[in-house]
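What follows is a set of notes on a single structure, which appears directly below.
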Amino acid sequence: MMPAKILICDDDEGILDLVELVLKEEGYEVIPEINSLNVANLVGSEHPDLVVLDLWMPVLSGDQVLRNLRNDPTTKNLPVVVISASGDGKTIAMNAGANDFIPKPFDLDQLLGRVKALLEAA
Amino acid sequence: MDSLHNGEFSFSNNTSKQDFELLTKALDASLSGIIITDNRQPDNPIIYCNKAFEDISGYQRSEIIGHNCRFLQKDDRNQTARHILRDAIDNGTNAVVDIRNYKKDGTLFWNELYMSPIKDGDDQVKYFIGVQNDVTRRKKAEDEVKFNQAKMEQRIRERTRDLRENEEYLASIVQTVRESLIVLSPDLKVLSVNDHFINTFKVTREETEGKKLYDLGNGQWNIPELRKLLEQILPTNNPVTDFEVAHDFPHIGKKLMLLNAHRIELEGQFKDRILIAIEDITDRRAIEQRKDDFLSIASHELKTPLTTIKGYVQIINRLIKNYDDEKLRESVGKTSLYVDRLNNLIGELLDVSRIQSGMIELHKAPFDFDHMIQETVGSIQQGSRNHEIVLTGQTGVQFNGDESHITQVVTNLLSNAIKYSPDHKEIGVHLSVLSGFIKVAVTDHGVGIAKDEQAKVFDRFYRVRDVQQKFPGMGIGLYICASIVNNHYGSLWVESEPGKGSTFSFTLPLTSNHTNKNGGDDAR
Ligand SMILES: Cc1cc2nc3c(=O)[nH]c(=O)nc-3n(C[C@H](O)[C@H](O)[C@H](O)COP(=O)(O)O)c2cc1C
């Protein structure tokens, strides 16, 4: 069986590296992306099984990216986990149509657990 | 009786003695003093006085006859009356004066003196007749009236001055306060406004005073919230304080105002006038908002690298499982502990700032209280395998409140309980419903808190340093907890004995019809 493909977008390189490392360790195929403007294209070309999305990013914020995905019939059911250090992150994420929300800083086991659960449910 | 004619005594031979006795008897019967002086003698000596004159003056006849009458003045010589008499005598005319005289024993009396000359055929004054009345009492009464009148006038002058001063004083206060003030008549006409009002709302006194409030500046004061305050709230809840009104004024823009309104209930000419004080809190709110925004951004930015650190510490933790190095493992363990503490502090920073500016937002919604407790206990239990959290009781309640805030309270109490009972494994959480209140009690068997420290643990930020030396990490957390519980109209308290442990309890009322000052319990 092909490993699940996960796209992660965060404007912070440290977090990007960390999550990539952990997810790869777990056996997933990971596409890290630092620029939120590229997410839509990457989703179209790479067809990830799940997206991990930061909220506060320059130019195009995570919830805008998410709304665009939800408005597109081909990605409207794509599992998306939002991660954010923002106090009202959960409300924003859920309103935009996220499947799950994990506040930063997160526990790695928690992140892996949620990702796994969502992939299995899909 | 024809003895007296031409102003001269003339006694007929046969009747003279009889007539004279009759005359002296008549004069002695008079209540007025009567004297006759001989103007032809040097210094006008008294040649006759009646009985009443003796009585009035207190002198005896023998002490009177032959003297000039000025002896009655004693040393009180500087009187206008005296000069009037002097002139009258020199000119040979009548005079009527009130003059201060003194009895033999020295008592003052007011002498109403009528003095009149008796002239001979060639217009020479031979005698003077003086008629005296003691008018001290009348004079006193008159003086009293005059005195009272003067006093009254003085008082009126003083009162008027006081009033004017008061008015000026009050007016100067009214003009100095940094709030806008309006006085309205019962039918909501503007009676007066202070300078601050004029300046803040950029209007003139002419276009404001005397106009209906709702008509001011093309109806820009016809604000629904203000109407509600004046027409619905104030008639039954007088006075109203801290009533918030937001309005976009045509020229000056959006204003956030805090109003105090007071209807005068005192009977009298001012009854039912309405005083309104308006505080412009637009800028203050904006500053608070900016501070809040700044802290939100700061905490977000701080948490971002912290996320990476926490992640790598976790990875290191996993990797060193293969190394048999106790010191290394302990160091990494401590690192992750302090990373968590740093994370909590960053979160609390924002909370404290919000609480202190009264901006803590409540997102109230009904939730399953017992379920929330189970979840919270469960997640804390997971992270601290060394302690056993025993949950007893239940509420069975759908509580209407801010779930995430109350979760924060329970989490805080539980992590404190664990932190301060390192050697005692059991932590108790007990739920109950008591006459309209939910009660949650968290009990540990740890170090406990001395009586005089118990109140301090809920203290504000500035005391934290104190508290933190004894109870590191406890101060801000409990302060926030207490604020959250208060925001739900409940209370949070501690019972504790050093060495035996502590029980932190909080209650929350089940009925949510608690109104705050603004007449609603919604989040602001
Ligand atoms: C008839 C007569 C009655 C007078 N009775 C009084 C009197 O009762 N009390 C008084 O102070 N002076 C009385 N005088 C005024 C004084 O005798 C005196 O004329 C007055 O003080 C003015 O004069 P002088 O400035 O030399 O004192 C009377 C004078 C006359 C002629």
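The values are calculated or read from the model by the stated rules, or taken from the named source; none is laboratory data. Source: prediction; values computed, not measured. So basically every Cβ, Gly included, is an ideal-geometry build from the backbone, and we count neighbours across all protein chains shown.
Of B:D43, B:D75, B:D87, which residue is more than 8 Å from the ligand (Cβ to nearest atom), loosely packed, with under 13 Cβ neighbours inside 10 Å and not in a helix (DSSP H, G or I)?
B:D75
If you go through the stretch B:90-100 and keep only what is aliphatic (A, V, I, L, M) and either within 11 Å of the ligand (Cβ to nearest atom) or within 17 Å of B:D43 (Cβ to Cβ) (or both), you end up with B:A95, B:V97, B:I99. Considering B:K254, B:K327, the condition of being on the phi < 0 side of the Ramachandran plot, in contact with a Ser or Thr (Cβ under 8 Å, 6 or more places away or on another chain) and surrounded by fewer than 12 Cβ atoms within 10 Å (Cβ to Cβ) is satisfied by B:K254 alone. The sole residue among A:M2, A:M57 that is within 14 Å of chain B (Cβ to nearest Cβ) and more than 18 Å from B:K310 (Cα to Cα) is A:M57. Just so you know, in the stretch B:55-72 the residues that are in a helix (DSSP H, G or I), in contact with a strand residue (DSSP E or B) (Cβ under 8 Å, 6 or more places away or on another chain) and more than 10 Å from the ligand (Cβ to nearest atom) include one that is modelled with the lowest pLDDT, and it is B:R61.
When restricted to residues that are in contact (Cβ under 8 Å) with a residue 12 or more places away in the chain, more than 12 Å from the chain's Cα centre (by Cα) and facing chain B (nearest Cβ under 9 Å), the stretch A:95-112 contains 5.
Sub-8 Å Cβ pairs linking a first residue in the stretch B:54-74 that is among the hydrophobic types (A, V, I, L, M, F, W, C) to a second residue that is part of a helix (DSSP H, G or I) and near the ligand (Cβ under 10 Å from one of its atoms), at least 6 apart or interchain, are B:I64/B:F53; B:I64/B:S57; B:L72/B:S57, ordered by first then second residue. The selection criterion, being out of contact with any Ser or Thr (no Cβ under 9 Å at 6 or more places or on another chain), more than 8 Å from the ligand (Cβ to nearest atom) and either farther than 24 Å from B:N91 by Cα or away from chain A (no Cβ under 14 Å) (or both), does not hold for B:I35.
For A:S36, are the conditions met, namely being crowded, with 16+ Cβ neighbours inside 10 Å and either out of contact with any Cys (no Cβ under 9 Å at 6 or more places or on another chain) or within 14 Å of chain B (Cβ to nearest Cβ) (or both)? Here the answer is no, as A:S36 does not meet what is asked.
Each row is one residue, and each column tells you yes or no for (1) away from the ligand (no atom under 15 Å from the Cβ); (2) of a type outside the set (K, R); (3) away from chain A (no Cβ under 14 Å); (4) more than 18 Å from B:P45 (Cα to Cα).
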position	(1), (2), (3), (4)
B:Y102	no, yes, yes, yes
B:Q124	no, yes, yes, no
B:G130	no, yes, yes, no
B:D143	yes, yes, yes, yes
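In the stretch B:309-323, the count of residues that are within 14 Å of chain A (Cβ to nearest Cβ) and touching a strand residue (DSSP E or B) at 6+ places or on another chain (Cβ under 8 Å) is zero.
Residue-wise test of (1) under 13 Å from B:I278 (Cβ atoms); (2) part of a strand (DSSP E or B).
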| position | (1), (2) |
| --- | --- |
| B:N218 | no, no |
| B:L226 | yes, no |
| B:E231 | no, no |
| B:N238 | no, no |
| B:H251 | no, no |
| B:M257 | yes, yes |
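If the requirement is being within 14 Å of chain B (Cβ to nearest Cβ) and under 13 Å from A:V80 (Cα atoms), which of these qualifies: A:V52, A:V43? Matching residue, one of A:V52, A:V43: A:V52.
Kindly state which strands (runs of 3 or more DSSP E) lie completely within the stretch B:371-441 and contain at least 3 residues that are over 46 Å from the mean Cα position of the chain (by Cα) and either in contact (Cβ under 8 Å) with a residue 60 or more places away in the chain or over 30 Å from A:G89 (Cα atoms) (or both).
B:388-393, B:426-434
For the stretch B:286-293, the count of residues that are more than 18 Å from B:L181 (Cα to Cα), within 14 Å of chain A (Cβ to nearest Cβ) and part of a helix (DSSP H, G or I) is at least one. Inside the stretch A:73-94, residues that are among the hydroxyl-bearing types (S, T, Y) and more than 12 Å from chain B (Cβ to nearest Cβ) make up a count of 2.
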